[in-house]
Structure formats: structure tokens, C-alpha cells
Amino acid sequence: MKKSLKIIALILSFVILFSSCFRKEPGTEDASSETKIGGETKRPAQQVDRVRLPFSLEDSLNPFFLKGVRNISLVPLMFDSLYVIDEKYMPVPSVALEAVEEGLNIKVILKEGITFSDSSLLTSADVVYSFHQARLSPSYKTQLSAFSSCEAAGRYEVRFALKQPTLSPLSLLDFPIVKQNTADQSEQVPKGSGRYIYRAENGEYLLEPNPSYRENNDIARTIRLIPIGESVSPVFILETGELDACFDDLSSGAVRRADAAQTGAVLNNLVYLGVNSKNYVLSDKAVRNALSRTILRSDISTRVYSGNALPAQAPVNPAKQSYSYFADNIKEGIEVWEELGYNQFTSGGVRRGGRGVLSFTLICPSENQFKVQLAKSVAGSLKEAGIKITVRELTTQQYKEALNAGNYDLYIGETRLLNNMDLSEFFKADGALSFGIDPESPIAKAYFDYVGGTISESVFCRQFVEESPFIPLVFRMGVLYYSRGIDKEVKPVGASLNVYANIHEWNAD
């Protein structure tokens, strides 16, 4: 009898071993599972129990030292902040319970009972420590430069002081909060209170559900981090089946085609046409406004950015508030030129009148194909209206030198605005983006009136479009590529690069 039982046990062990040889790993499938629909091979969705994301071992996982988009996009998974910025670029309380704003002073009350991954309580001392670390970091120092101080005023109260009136200051308080004294060195991975905890063991890198998280974390899946060299495209690795998702902020200047599902995330990257108001013709605000009305923004979005951009007529992210003042129509732009008296033409077919011939030089950086194609698209739109644009493609160094010297009429520019849509660098006399703009102009005064609260955003935007000190074109997007095996809706949030915002729900039972 015992001998028979041993034989049966041996047979069962072989059966288990044999079947395990054919067990599919999550996210993979064999050829027999493929079907063809309309001549195209389709693979059925597979359950992904352990989502795989790219990260860089060459970069830090300390949020105050990291630099690259791969690791930056992991920060919202591991660390909480006082406020998070939603898809409409509005601040939503996270660790903060409430805030009271009084002039240049802001009092933030923290939620009580929030703990770090080691079960220690998150208090005002941790927020103050994190603020000072963030203010020195490349990722957060610009937004936090608006504050002159941050101090604890009790265990669950933090007080901030602003240097001057600032648009939506709560939108700037999305810096990561870490446990004090755990983030002094770049090689440290600080303790956070977010949904996931980082763990590296036996050559495996994981983000595991945080058991101390304040909300139900049962549905969260373990995330496996796949180290990928900075020179290798994660999109390529995704196509091989070794990743389940990756984000490309499209900063390279090209949209990658991938055999994967994809969705856009609206970034706060304003792409615009800079104008040199020292040019006699362009010093007329009516001319600048007419230029703006003659550029086809819909073409820019679809043809230059392959749909990964939102057309914009005002310098406010359309995801927050979309302002429309004129039709995206060259015909109506031509009518404006005619009304302004630019209804004659040179022998070369260039429109002239009023202040002279409408012929301008447009400079752009040659290394970025988005910007080169954008310059050509703008030139094409304006050519249809009889306006001559000579595009000069310059190296980055030549481009910067031309801007500083004022050797241009128009230029292609891009800047990542802060979450509060601050434009002060355009309108300050020494602003980093003030090329060609008169700091004493009425629109500069209107902007600081808007910041000070004496006029509304809508009033400022209307005056801005009338004067067009520079011409907003689009707000650029990034792309989240993901496996077709993920059967939950993927909802990236471009603000703060929270692109894996609902990853804890992906393929939840």
C-alpha cells in the first residue's frame, strides 16, 4: 500500500512539473491564442498581476536628487504631498486638511493619523524638512522660490510666507513629503507615506503596496521596476513584451510609433511664437493680433504633434480653462489684414501697407524636429495670407545667442509653466522669457494687476489676446504607452507627471 502511494505521489509530481513548464507568465501568450480579425492579428487581453514599469539605475530614486522623467514619474506612487494637482490643473488636498490664506501668509492644517511606511506619524516637522530639501532640488526649487519661509506651528500646522503676491500658491505645494532626515543623500530612498514602498532584493526592484497606507490598498498590484539604460527607449522594450507601460514626455521632438495602446497626458508645456516688439511693424499690437489670428493651430496639433497637443489662444492650459476668441480660419485672418490696410502686394506677392512689408525672419532650434516642423507650419499658414516668413534653423547655442542679441523678428519658444500658470518670467524686466517684450507695456501691467487680484483671469486673457506680446500656439502633451493586456481604463495625469495615477486599479479583480 505504501509502495502504491509513493508511486501515485511520484506520478503527481511529474504532472505538476510538466504542467508548470507550460504555465504562461503574466502578460505573455502563445501563438495558439492569437486570432485574426480583418487580416490583422489580435491577441486577447491577459491579466497582469505584476505591472512592469521602467526606471533608471543611473538616476536617483530620492525625489530631491533625481533628474530623468522615468524616475520622476514614480515619485507620486511613493510619496504624498500637501496638495495634488488634478487633470484640470487645480490643487486638491492630500496630506493637507485645509488651508487659510491671509495676504502673503498661508496656514496649512495637516490631516492627523497619516503614517510613513515604517508606521511613524507624519507631522509638521516632516513637511518643513521636505520643503527645505525640495527648495534645493532641481525639480522643485523654481516653484518654491515664491516662498520666503516654511515653519512648523504645532504638530499638525505649517505656516508658509510668500515673497510677493502669487497666483494660486496652493498649486505650488505639491512637493513630496518624506520622513525627516531620510533624504539627505542622493543614494537614499526616503521613507514616504504613499501607496507604494520601494524594495530592492536579489537583483529585483519592486514597488510593493504600503501596508500603512491610509486608504484601502487591497487592490494595489506589486509593481516590478525594470532597469533600462538612459540611451535605450522604453517604448522599444514595451514592444518586446518586457514592460507593461512607459511614459514619453516627447521632449526628444518626435512621436514614437509603437505596437501598444496609448493615451495622452496634458503637460503644462506652453509652445508659443515669440515676437520682437522692437521691430517697427511688429511693435503694432494690431499686427501681432492679426498674426495670431492667421495661424492654424489645429494644423499644428494634428500635423506637427500628431494630435498630442491642445490648441491654445491664451497662455492658460486649456485643460484648466479653454479660452476662444476667434475662429481657427485663415480666411478670417486675411479679412483682419484687409481691415488694417495691408491690402497691397509686392512683385513677389508679399502683403504690404500700413507700416510696411509683412516679411519676417523666424528662428528655431534645429535639434528639435517638433520646433523645426512647427516653424514651417507657421510659415505655411502665414504664406497663404501673403505674409513672408524666412525660417532660420539654428543650433541651440546660435539660437540662444540670437535671442540675447535681438537678432530675430519671430522665434519658436517652449516653456514648462508652473502649476499655477505663472507668466512673470515673460513680463519682468529681467525675466528669463522676456525676449522682445516691453516690461513697461500695458499688458505687463495688466498681468501684475491680475496676480494682485485687481482683475480676473478672463479679463487679463482678453487683453492679452488683443495685445499679443507673444502668441500661444499649443500646450504639448506626453504619451503613456501601455500593454493591450491591461483591461482597466488608464488615466494619466500630466500635472506633476502623475502619469500612473490609477495604476493601483489596473486589472483589479
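The values are calculated or read from the model by the stated rules, or taken from the named source; none is laboratory data. Keep in mind that this is a model prediction, so the values were computed, not measured. Here Cβ is always computed from backbone atoms with ideal geometry, including for glycine, and neighbour counts include all displayed protein chains.
Can you find a residue in the range 354-376 that is aromatic (F, W, Y) and either assigned to a strand (DSSP E or B) or in contact (Cβ under 8 Å) with a residue 60 or more places away in the chain (or both)? There is at least one residue in the range 354-376 that is aromatic (F, W, Y) and either assigned to a strand (DSSP E or B) or in contact (Cβ under 8 Å) with a residue 60 or more places away in the chain (or both).
For the range 218-238, the criterion of being acidic (D, E) and buried (at least 19 other Cβ atoms within 10 Å of the Cβ) is met by no residue.
Being within 20 Å of I300 (Cβ to Cβ), in the same structural domain as I300 (by TED's automatic domain parsing) and either within 28 Å of the chain's Cα centre (by Cα) or at pLDDT below 95 (or both) is not true of Y408. Within the range 267-280, can one find any residue that is in contact with a strand residue (DSSP E or B) (Cβ under 6 Å, 6 or more places away or on another chain), in contact (Cβ under 8 Å) with a residue 24 or more places away in the chain and of a type in the set (K, R)? So far as the range 267-280 goes, no, none of its residues is in contact with a strand residue (DSSP E or B) (Cβ under 6 Å, 6 or more places away or on another chain), in contact (Cβ under 8 Å) with a residue 24 or more places away in the chain and of a type in the set (K, R).
Go over the candidates Y399, Y450 one by one and state the one that is in a helix (DSSP H, G or I) and in contact with a Cys (Cβ under 8 Å, 6 or more places away or on another chain). Working first, answer last.
Values: Y450 fails: in contact with a Cys (Cβ under 8 Å, 6 or more places away or on another chain).
Result of the check over Y399, Y450: Y399.
Can you pull out every residue in the range 213-256 that is under 19 Å from the mean Cα position of the chain (by Cα) and not in a loop (DSSP other than H, G, I, E, B)? Within the range 213-256, P234, V235, A245, C246, F247, D248 qualify.
If a residue must be outside any loop (DSSP other than H, G, I, E, B), in contact with a strand residue (DSSP E or B) (Cβ under 9 Å, 6 or more places away or on another chain) and touching a residue at least 12 places away in the same chain (Cβ under 8 Å), how many such residues does the range 419-447 contain? Break it down stepwise before answering.
Kept after step one, since they are outside any loop (DSSP other than H, G, I, E, B), are these residues of the range 419-447: 424-427, 442-447.
With the extra rule that they be in contact with a strand residue (DSSP E or B) (Cβ under 9 Å, 6 or more places away or on another chain), the set shrinks to 425-426.
When the remaining residues are screened for being touching a residue at least 12 places away in the same chain (Cβ under 8 Å), the result is 426.
Total meeting the criteria: 1.
Among the residues of the range 128-165, those that are buried (at least 18 other Cβ atoms within 10 Å of the Cβ) and within 24 Å of the chain's Cα centre (by Cα) comprise S130, F131, Q133, A134, S137, S139, Y140, Q143, L144, A146, F147.
Would you confirm, using the coordinates I've provided, whether Q373 is modelled with pLDDT of 95 or more and either within 18 Å of S277 (Cα to Cα) or of a type in the set (S, T, N, Q) (or both)? Considered against the rule, which asks whether it is modelled with pLDDT of 95 or more and either within 18 Å of S277 (Cα to Cα) or of a type in the set (S, T, N, Q) (or both), Q373 comes out as yes.
Go through the range 253-277 residue by residue and tally those that are under 19 Å from I443 (Cα atoms) and in contact with a Lys or Arg (Cβ under 9 Å, 6 or more places away or on another chain). Write out each step before concluding.
Applying the first criterion (under 19 Å from I443 (Cα atoms)) to the range 253-277 yields 270, 272-277.
Still in the list and also in contact with a Lys or Arg (Cβ under 9 Å, 6 or more places away or on another chain): 270, 275, 277.
Matching residues across the range 253-277 total 3.
In the range 275-316, the residue that is farthest from the chain's Cα centre (by Cα) out of those that are assigned to a strand (DSSP E or B) and buried (at least 23 other Cβ atoms within 10 Å of the Cβ) is V275.
Let's see how each residue does on (1) at pLDDT below 95; (2) farther than 14 Å from R50 by Cα; (3) in contact with a helix residue (DSSP H, G or I) (Cβ under 6 Å, 6 or more places away or on another chain):
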residue: D184; (1), (2), (3): no, yes, no
residue: E201; (1), (2), (3): yes, yes, no
residue: R214; (1), (2), (3): yes, yes, no
residue: S233; (1), (2), (3): yes, yes, no
residue: E239; (1), (2), (3): yes, yes, no
residue: E242; (1), (2), (3): yes, no, no
residue: A254; (1), (2), (3): yes, yes, yes
residue: A258; (1), (2), (3): yes, yes, yes
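Going through (1) part of a loop (DSSP other than H, G, I, E, B); (2) out of contact with any Ser or Thr (no Cβ under 9 Å at 6 or more places or on another chain); (3) closer than 27 Å to W337 by Cβ one by one, N407 falls short only on (2). One residue stands out among those in the range 317-352 that are within 28 Å of A402 (Cβ to Cβ) and among the small types (G, A, S): the one that is nearest to the chain's Cα centre (by Cα), which is G333. Scanning the range 454-491 for residues that are in a loop (DSSP other than H, G, I, E, B) and modelled with pLDDT of 95 or more, we see that the one that is farthest from Y325 (Cα to Cα) is T454. Residue count for the range 151-209 under the criterion of being within 26 Å of R416 (Cβ to Cβ), in contact with a Pro (Cβ under 6 Å, 6 or more places away or on another chain) and part of a loop (DSSP other than H, G, I, E, B): the result is 2. Taking the listed residues E457, E440, E414, the one that is within 30 Å of V372 (Cβ to Cβ) and not aromatic (F, W, Y) is E414, with no other qualifying.
Tell me which residues, restricted to the range 109-127, are farther than 15 Å from R214 by Cα and either under 26 Å from the mean Cα position of the chain (by Cα) or surrounded by fewer than 19 Cβ atoms within 10 Å (Cβ to Cβ) (or both). Explain how you work it out, then say what you get.
Step one: list which residues in the range 109-127 are farther than 15 Å from R214 by Cα, which gives 109, 124-127.
Residues satisfying the conditions are I109, A125, V127.
Do you know which residues across the range 130-140 are closer than 23 Å to L207 by Cβ and in a helix (DSSP H, G or I)? Listed by number, the residues that qualify are S130, Q133, A134. Residues that are of a type in the set (D, E, K, R) and buried (at least 17 other Cβ atoms within 10 Å of the Cβ) were ranked within the range 394-420; the one that is nearest to S292 (Cα to Cα) is D409.
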